[in-house]
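No value in this document is a laboratory result; all are computed from the given coordinates. Being a predicted model, the structure only gives us computed values, none of them experimental. Methodologically, a virtual Cβ is constructed for each residue, glycine included, from the backbone with ideal geometry; neighbour enumeration extends over all protein chains shown.
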Amino acid sequence: MSENTIALVTGANKGIGFEIAAGLGALGWSVGVGARNDERREAAVAKLRAAGADAFGVPLDVTDDASVEAAARLIEERGGRLDVLVNNAGVTGGMPQQPTDVDLDTVRTAVETNVIGVIRVTNALLPLLHRSESPRIINMSSTVGSLTRQSDPDTENQVGPLSVAYSPSKTFLNAVTVQYARELRGTKFLINAACPGYVATDLNGFRGVRTPEQGAAIAIKLATMPADGPSGSYFDDDGVIPW
């Protein structure tokens, strides 16, 4: 990776996504700030530029085909390739999420953004990633997606409350990550899932215990891995998370 590296972070106008963009920008990379809201996206870009980052705005709604296709065209016109994609945009789907009485639209909303949105964005940008010498894809997951921890009474404190939409959407995302890693095995791609930890963001009503900057660290680490780094794995700051 060099100062000419081009990255895109989805959902980057605030929280963990903004701090991922800030961390990559601090490396001298050119960083696309993907976000739906025009005002918040441009405010984030201005803040990053004021800190010295080569940041640019990318209008992006991961649930909309036309928006994603337009984002891919913008990045191609700007740099001709993409080196790092961080799929960070996500939603809880809404609460409550007790399995026995959940509104099915709550589940659909979580899966549409957290899983289908990742597939939509990744596939639209794969042609640009193939042009990179060191393509990296980081899917921002969560430890709540770990079936091992969800099914172990001794680790219930690591997986939060029942959430039949959000937690399984992250499990689904983990499985999707493995499938991409399998298909692209033997290529230059490194594709991994990452958990930022319990970060205080508006996604959880700012109840988390970690800062967005701390939560961004694992994505930055995976984005900057050398060519012999792992692929198809699931990490947090402490190392590999059990599936």
(request) Only residues in region 140-162 that are under 19 Å from G94 (Cβ atoms) count as the first member; pair them with residues that are surrounded by fewer than 16 Cβ atoms within 10 Å (Cβ to Cβ) and not polar (S, T, N, Q), Cβ under 8 angstrom, at least 6 apart or cross-chain, and list the lot. (result) L162/P99
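For S167, state whether it is surrounded by 22 or more Cβ atoms within 10 Å (Cβ to Cβ), of a type in the set (S, T, N, Q) and either in contact with a helix residue (DSSP H, G or I) (Cβ under 7 Å, 6 or more places away or on another chain) or over 18 Å from T63 (Cα atoms) (or both).
Values: surrounded by 22 or more Cβ atoms within 10 Å (Cβ to Cβ): yes; of a type in the set (S, T, N, Q): yes; either in contact with a helix residue (DSSP H, G or I) (Cβ under 7 Å, 6 or more places away or on another chain) or over 18 Å from T63 (Cα atoms) (or both): yes.
For S167, the condition - surrounded by 22 or more Cβ atoms within 10 Å (Cβ to Cβ), of a type in the set (S, T, N, Q) and either in contact with a helix residue (DSSP H, G or I) (Cβ under 7 Å, 6 or more places away or on another chain) or over 18 Å from T63 (Cα atoms) (or both) - is met.
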(message) I need every pair where a residue in region 226-240 that is β-branched (V, I, T) has its Cβ under 7 Å from the Cβ of a residue that is buried (at least 19 other Cβ atoms within 10 Å of the Cβ) and in a loop (DSSP other than H, G, I, E, B), sequence separation at least 6 or different chains.
(response) V240/S233
(message) With the requirement that a residue be closer than 19 Å to R73 by Cα and polar (S, T, N, Q), what does region 7-36 give you?
(response) T10, S30
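Condition check ((1) surrounded by fewer than 19 Cβ atoms within 10 Å (Cβ to Cβ); (2) of a type in the set (A, V, I, L, M)) across all residues:
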residue	(1), (2)
R49	yes, no
D54	yes, no
L60	no, yes
D65	yes, no
A71	no, yes
L74	yes, yes
V86	no, yes
G94	yes, no
Q98	yes, no
(request) May I ask you to list the residues in region 79-98 that are in contact (Cβ under 8 Å) with a residue 60 or more places away in the chain and within 26 Å of R136 (Cβ to Cβ)? (result) G79, R81, L82, D83, V84, L85, V86, N87, N88, A89, G90, V91
